1. Out of the stretch 102-131, which residues are open to solvent by 90 Å² or more (accessible area, probe 1.4 Å) and free of Cβ contacts under 8 Å to residues at least 24 places away in the same chain?
2. Of the numbered conditions (1) touching a residue at least 12 places away in the same chain (Cβ under 8 Å); (2) over 13 Å from Ile43 (Cβ atoms); (3) within 14 Å of the chain's Cα centre (by Cα), Ala60 fails exactly one; give the number of that condition.
Amino acid sequence: MTRRARPFDAAAMAAIVGQLARPGPDFTSAFLRDWIAAEDIWIVAEVDTGIEGFQWCGSATHMPPHTCEIATFVPPGRHDLQIGSALFDATRHAAREQELRWIVARTAIGNEGAHIYYRSRGFEDVSEVAPGTGQSVLMHRL
């Protein structure tokens, strides 16, 4: 089951991020709780035992109008296509409700799992490398 994330989900979400080797900000519960309160799209995949993964979709200053950036967080060993499919279906629906037209994904060079996931969702390669980032860029039209 998927649903919109709520601030009380932040601890479980931070635990998932803690299992991932991801550079960037420290995803503490407080950091995520504050970010969830923003107007971005946050979707969690939840089962009886708790949150299995989550997805964020939000605007960024470097994005053109009607475009959001996406990030997917699924713990190691839980790379079930059903989780990713359910998350993206819910995120895509929420993005359309906000009248967004494009979703951009950045994947680290060498993160083949992420690249395969986004391509399986209909994303197309826009550039092999985003200058200065070590990331490839994929786009999906809503």
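The values are calculated or read from the model by the stated rules, or taken from the named source; none is laboratory data. Please read these numbers as outputs of a predicted model, since none were measured by experiment. Every residue, glycine among them, receives a Cβ derived from its backbone with ideal geometry; neighbour counts consider all protein chains shown. Just the protein is used for accessible areas: all its heavy atoms, side chains included, with ligands, DNA and RNA removed. Shrake-Rupley method; radii C 1.70, N 1.55, O 1.52, S 1.80 Å.
1. Initially, the stretch 102-131 is screened for residues open to solvent by 90 Å² or more (accessible area, probe 1.4 Å), giving 109, 112, 116, 119, 124, 128, 131.
Scanning the stretch 102-131 gives Glu112, Ile116, Arg119, Glu124, Glu128, Pro131.
2. (1)
One line per residue, one yes/no per condition, for (1) over 18 Å from Arg141 (Cβ atoms); (2) in contact with a Ser or Thr (Cβ under 9 Å, 6 or more places away or on another chain):
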site: Leu20; (1), (2): yes, no
site: Phe27; (1), (2): yes, no
site: Leu32; (1), (2): yes, no
site: Trp35; (1), (2): yes, no
site: Glu39; (1), (2): yes, yes
site: Glu46; (1), (2): yes, yes
site: His62; (1), (2): yes, no
site: Pro75; (1), (2): yes, no
site: Phe88; (1), (2): no, yes
